[in-house]
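The values are calculated or read from the model by the stated rules, or taken from the named source; none is laboratory data. The model shown is predicted, which means the values in this text are computed figures rather than measured ones. Quick reminder, even Gly has a Cβ in these numbers, built from the backbone with ideal geometry, and neighbours come from all protein chains shown.
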């Protein structure tokens, strides 16, 4: 279990978020607050809208109504350039790692740096930044490999290194342990915890893995029928007698 | 009655697709003039596309030149007009056969490649990953590819035409004992700027169409990995149809200018 104590300063606020695809109301008034230094786990059944919510949060999907405020900025009021600047503060780890398969590991890690002179200044040599990110995930030796030469767990760690290279304040994890064996999944979770400790990041973790939630969460939200059905710590939720909540912990 | 509704639905979806493609083309022109230029990626794509198609265009051009001459020779011989062979070959190759055949080959080779590549990047969330890292994926992936096909196709057509005329010369040299100098003199005598300029201009449009449709199909690829195959396949079909439409319009416009 994660014993770190987050601040009570909100870093992300979502109010009454709604998103529909035709008649399918995926998000129907979702509310959420992420505090600084906190690991917030969002659990829900497959197709409950967890990934849609996280994509609305980063602006990959346009929401129908409601507000998403990240570090005091309402994302729907930002232009493209302002949104890109804000995105340097928010890392995103994709479920399938999403490494660029035509690029080497080094190029994958260098890619996000190319547009962010504002944050880093003009970078003449990217090697120290790339090496630091790779060392953080314990894969410095893979620097010249292609993604196809890596295992699933290694890909996930490289994707995490690529997320870290922009030194974000917030990291969004979309199913970080899905598709991995239990040992590798645990390694990834330990890595996520050590990163949070080292860089004092806040994180939203989308998962339906109870072990993942137990290990990493400070707080949890259950997403049911497009709304935040119940909120609390892992212990509080696991002791709930509500059958809909219990269904996740059986 | 049911089949009428089906035809109407098909026509509606076709119009919708054309509308979306036009919007996509509009976005291309909007993004193409914005910074950053992504010049390095544009050059990489030019090299990649040119390099990937060069051998195929060369072999096809050579065979077309050979076959075209072999097939036409007996008929011309019958009318005692074999000496017209270099002029006929050069005009028909440069005006029509070279550009359209090269464009169709590139639609199959480059267009399907772009559709499959962008499609697989879409379904594996690589395009989303670019977006969240603050890079404009439309500019980086789409604009560079469309520009590369637009500028590379005329070069490939020029190369294909040259090889085709050489193929034709080989046949004439073997069958009619025509010298290299005589053959090429007749080729260049027959050609005018009126043949070269419209043919070259239309190849830019062919290249643009190949890049545009390939990117459009790949960028909006749906239905998982099955959608990748569909994107590649429909990119070739749609582009081939579009190439003939552009060709018809180009010939029609050229004809108007000739009349003037």
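Check whether at least one residue in the range A:21-40 is assigned to a strand (DSSP E or B), within 14 Å of chain B (Cβ to nearest Cβ) and out of contact with any strand residue (DSSP E or B) (no Cβ under 6 Å at 6 or more places or on another chain), and report yes or no.
yes
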Taking residue B:65, is it under 25 Å from residue B:235 (Cα atoms) and not in a loop (DSSP other than H, G, I, E, B)?
-> no
If you go through the range B:105-119 one residue at a time, how many are within 22 Å of residue B:37 (Cβ to Cβ) and either more than 12 Å from chain A (Cβ to nearest Cβ) or surrounded by fewer than 20 Cβ atoms within 10 Å (Cβ to Cβ) (or both)?
-> 2
Among (1) surrounded by 23 or more Cβ atoms within 10 Å (Cβ to Cβ); (2) under 25 Å from residue B:90 (Cα atoms), residue B:174 falls short only on (1)
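Would you confirm whether any residue within the range B:144-155 is assigned to a helix (DSSP H, G or I) and within 14 Å of chain A (Cβ to nearest Cβ)?
Initial filter on the range B:144-155 (assigned to a helix (DSSP H, G or I)): B:144-155.
After this cut, where a residue has to be within 14 Å of chain A (Cβ to nearest Cβ) as well, the list is B:144-145.
Yes, the range B:144-155 contains at least one residue that is assigned to a helix (DSSP H, G or I) and within 14 Å of chain A (Cβ to nearest Cβ).
On the given criteria, is residue B:168 crowded, with 24+ Cβ neighbours inside 10 Å, over 13 Å from the mean Cα position of the chain (by Cα) and within 30 Å of residue B:85 (Cβ to Cβ)?
Numbers: crowded, with 24+ Cβ neighbours inside 10 Å: yes; over 13 Å from the mean Cα position of the chain (by Cα): yes; within 30 Å of residue B:85 (Cβ to Cβ): yes.
Considered against the rule, which asks whether it is crowded, with 24+ Cβ neighbours inside 10 Å, over 13 Å from the mean Cα position of the chain (by Cα) and within 30 Å of residue B:85 (Cβ to Cβ), residue B:168 comes out as yes.
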Residue A:152: surrounded by fewer than 22 Cβ atoms within 10 Å (Cβ to Cβ), without any contact (Cβ under 8 Å) to a residue 60 or more places away in the chain and in contact with a strand residue (DSSP E or B) (Cβ under 7 Å, 6 or more places away or on another chain), yes or no?
-> no
Got at least one residue in the range B:232-240 being surrounded by fewer than 22 Cβ atoms within 10 Å (Cβ to Cβ) and under 24 Å from residue B:95 (Cβ atoms)?
-> yes
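Looking only at the range A:157-185, count how many residues are in a helix (DSSP H, G or I) and either within 13 Å of another protein chain (Cβ to nearest Cβ) or over 15 Å from residue A:205 (Cβ atoms) (or both). If you could, list the steps in order and put the result at the bottom.
Within the range A:157-185, the subset in a helix (DSSP H, G or I) is A:157-164, A:182-185.
Applying the additional criterion that residues be either within 13 Å of another protein chain (Cβ to nearest Cβ) or over 15 Å from residue A:205 (Cβ atoms) (or both) yields A:157-164, A:182-184.
Qualifying residue count for the region: 11.
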Can you tell me how many residues in the range B:218-229 are over 10 Å from residue B:111 (Cα atoms), in contact (Cβ under 8 Å) with a residue 24 or more places away in the chain and part of a helix (DSSP H, G or I)?
-> 6
With respect to residue A:135, is the statement that it is at pLDDT 90 or above, surrounded by fewer than 16 Cβ atoms within 10 Å (Cβ to Cβ) and either out of contact with any strand residue (DSSP E or B) (no Cβ under 9 Å at 6 or more places or on another chain) or within 13 Å of residue A:165 (Cα to Cα) (or both) true?
-> yes
Candidate set from the range A:103-117 (those that are more than 8 Å from chain B (Cβ to nearest Cβ) and modelled with pLDDT under 90); member that is farthest from residue A:163 (Cα to Cα) = A:117
Meets criteria (within 14 Å of chain A (Cβ to nearest Cβ), surrounded by 19 or more Cβ atoms within 10 Å (Cβ to Cβ) and either in a helix (DSSP H, G or I) or more than 13 Å from the chain's Cα centre (by Cα) (or both)) for residue B:122 = yes
In the range A:198-250, anything within 18 Å of the chain's Cα centre (by Cα) and assigned to a helix (DSSP H, G or I) is listed as A:198, A:199, A:210, A:211, A:212, A:213, A:214, A:215, A:216
The correct count of residues that are at the interface with chain B (Cβ under 8 Å from one of its Cβ atoms) and assigned to a loop (DSSP other than H, G, I, E, B) in the range A:76-101 is 8
Only unsatisfied item for residue A:53, checking (1) closer than 19 Å to residue B:128 by Cα; (2) away from chain B (no Cβ under 14 Å); (3) over 18 Å from the mean Cα position of the chain (by Cα), is (3)
Considering only the range B:1-33, state which residues are surrounded by 13 or more Cβ atoms within 10 Å (Cβ to Cβ) and within 14 Å of chain A (Cβ to nearest Cβ).
-> B:27, B:31
